[in-house]
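Participant: I'd like to ask some things about the structure below.
The values are calculated or read from the model by the stated rules, or taken from the named source; none is laboratory data. Just so we're clear, the structure is a prediction, and the values are computed from it rather than from any experiment. A quick note on method: Cβ atoms are made from the backbone with ideal geometry, for glycine too, and the neighbour counts reach across all protein chains shown. Protein only, heavy atoms only, side chains kept; ligands, DNA and RNA dropped before computing areas. Shrake-Rupley method; radii C 1.70, N 1.55, O 1.52, S 1.80 Å.
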Amino acid sequence: LVNWTKHPRVLHIDDVKWVKYALWAPSIIHANDKYYIFFGGNDIQNEDQVGGIGVAVADKPEGPFKDALGKPLISKIVNKAQPIDQFVFRDDDGQYYMYYGGWRHCNVVKLTDDLLSLKPFEDGEIYKEVTPEKYVEGPFMMKRNGKYYFMWSEGGWGGPHYSVAYAIADNPLGPFEPRGVILQTDENVGTGAGHHSVIRNPRSGKYYIVYHRHPLGSTDGNDRRTCIDELLFDAEGNILPVKMTFDGVEADPLK
C-alpha cells in the first residue's frame with residue numbers, strides 16, 4: 001500500500017463503442033476466474049440519451065478490459081436514480097448485489113452468476129430503492145462480523161461539504177440504522193473528502209479507506225487527489241471518525 005505501479009489505459013472510451021464521453025467511477029471485482037469492471041458511461045440526464053452502467057471483462061486486474069455487452073447493463077433512470085456510481089458486492093452465500101445511483105437516490109439490484117445481467121428479487125422486483133437520509137451518491141457495501149455496512153457520500157463532490165456517512169443492517173437490503181459521518185473536511189489536511197472505497201488485508205485484518213479530497217487552498221472542484229488512510233472500529237463495531245493524513249499508511253504486506 002506504499003509503492004504503486006501505474007497501469008495506464010486499462011479501459012478507454014475507444015474500447016466501449018456506446019460511450020462517447022464521460023467514462024468514470026469504476027468498480028472492480030474478481031469472479032469466475034476473471035476480473036469485471038463496472039463503469040459509468042455518458043453521464044445521461046434523461047431517458048432519450050444512450051448511456052448508463054456498463055461492464056467490461058479481463059483476465060488480469062490491469063486489463064486490458066473488453067466491453068462485455070456492447071451496450072449498458074443499466075440504461076434507464078429508475079426510482080429517480082441516475083445510473084452512475086455503481087458498486088458490486090458479493091455476499092457470503094455467493095449472491096452478487098450492485099448498489100448504484102446519483103441524484104440523491106440509490107437502488108440495489110441482483111446480478112446473475114456471470115455478472116452480465118440482472119435477476120429479480122424473490123418478490124419479482126428488479127430494482128429496490130435503499131436511499132438513506134442525506135444520500136447523494138457513491139454507495140459502498142461491506143460485511144464485517146455478520147453486519148452489513150452501507151456507506152455513501154453526502155454533499156457536492158466539488159465543494160468542501162463532500163463527506164462519507166454510513167449505516168448498519170442485518171441484511172443487504174436493510175433497513176439500515178444511520179450511524180453518522182465518518183469522513184469529512186479537515187481544515188488542516190484537506191477539504192471535500194468523499195466517494196470512497198474500503199479494502200481489507202486478509203492477513204493482517206486491517207481495513208483501509210481509499211477516497212478523494214481537495215488539497216488545501218484549492219478552489220477548483222476538479223482538483224481531486226486520491227488518498228488512503230486506515231479505517232478503525234470500536235469494540236461495538238462502530239466506525240471511528242477517519243483521521244486524514246498527508247502520509248497515507250504504512251506498509252502492510254500480504255506475505
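Participant: For Rg and Dmax of the Cα atoms in Å, pick the label among [x] 17.8, 51; [y] 21.3, 61; [z] 19.3, 59 that corresponds to the value derived from the coordinates.
Facilitator: [x]
Participant: Say each of K143 and L69 gets a label point 7 Å from the Cα, pointing the same way as Cα to Cβ; how far apart are those two points in nm?
Facilitator: Roughly 2.4 nm, to one decimal.
Participant: State the answer as a single residue: which of G158, S204, V57 lies farthest towards the positive end of the charge dipole of the chain, with beta carbon charges of +1 for Lys and Arg and -1 for Asp and Glu, about the Cα centre.
Facilitator: V57
Participant: A further question follows. Extending each Cα 7 Å along its Cβ direction at T5 and D252, get the distance between those two points in nm, one decimal.
Facilitator: Using points 7 Å along Cα→Cβ, the separation is 2.2 nm.
Participant: Let me ask something additional. Points 7 angstrom from Cα along the Cβ direction at S218 and L116: gap in nanometres?
Facilitator: According to this spin-label approximation, the distance is 3.9 nm.
Participant: Any chance you could run the full-extension gain for W103 through D170? It's 0.36 nm times the residue separation minus the Cα-Cα distance, nm to one decimal.
Facilitator: Using 0.36 nm per residue and subtracting the Cα-Cα distance, I get 21.5 nm.
Participant: Still on this structure, please answer the following. Longer than 27 Å from Cα to Cα, which of K20/K76; K71/K143; K66/K243; K119/K147; K206/K243 are they? Say none if no pair is.
Facilitator: Pairs exceeding the cut-off: K71/K143; K66/K243.
Participant: What trypsin sites (Lys or Arg not before Pro) in the stretch 113-148 are in a loop by DSSP, with at most 10 other Cβ atoms within 10 Å of the Cβ? Intermediate values should be presented prior to the final figure.
Facilitator: Values: sites: K128, K134, K143, R144, K147; in loops: K134.
Answer in residue order: no site qualifies.
Participant: Of I228, I199, I77, which is the most mobile in a GNM of the chain whose springs link Cα atoms less than 10 angstrom apart?
Facilitator: I199
Participant: Same structure, new question: Tally Lys/Arg at +1 and Asp/Glu at -1 over every other residue whose Cβ is under 13 Å from the Cβ of N201; what's the total?
Facilitator: +1
Participant: I've got another one for you. Provide the net charge surrounding E187, with neighbours chosen by a C-beta distance below 14 Å and charges set as Lys +1, Arg +1, Asp -1, Glu -1.
Facilitator: Net local charge, E187 excluded: +1.
Participant: Where in the stretch 1-63 are there chymotrypsin sites (Phe, Trp or Tyr not before Pro) that are in a DSSP coil and have at most 12 other Cβ atoms within 10 angstrom of their Cβ?
Facilitator: Passing both the DSSP loop test and the Cβ count: W4, Y21.
Participant: So, taking all protein chains as they sit and a 1.4 Å probe, how much accessible area belongs to D91, in Å² rounded to tens?
Facilitator: Ignoring ligands and nucleic acids, D91 comes out at about 10 Å².
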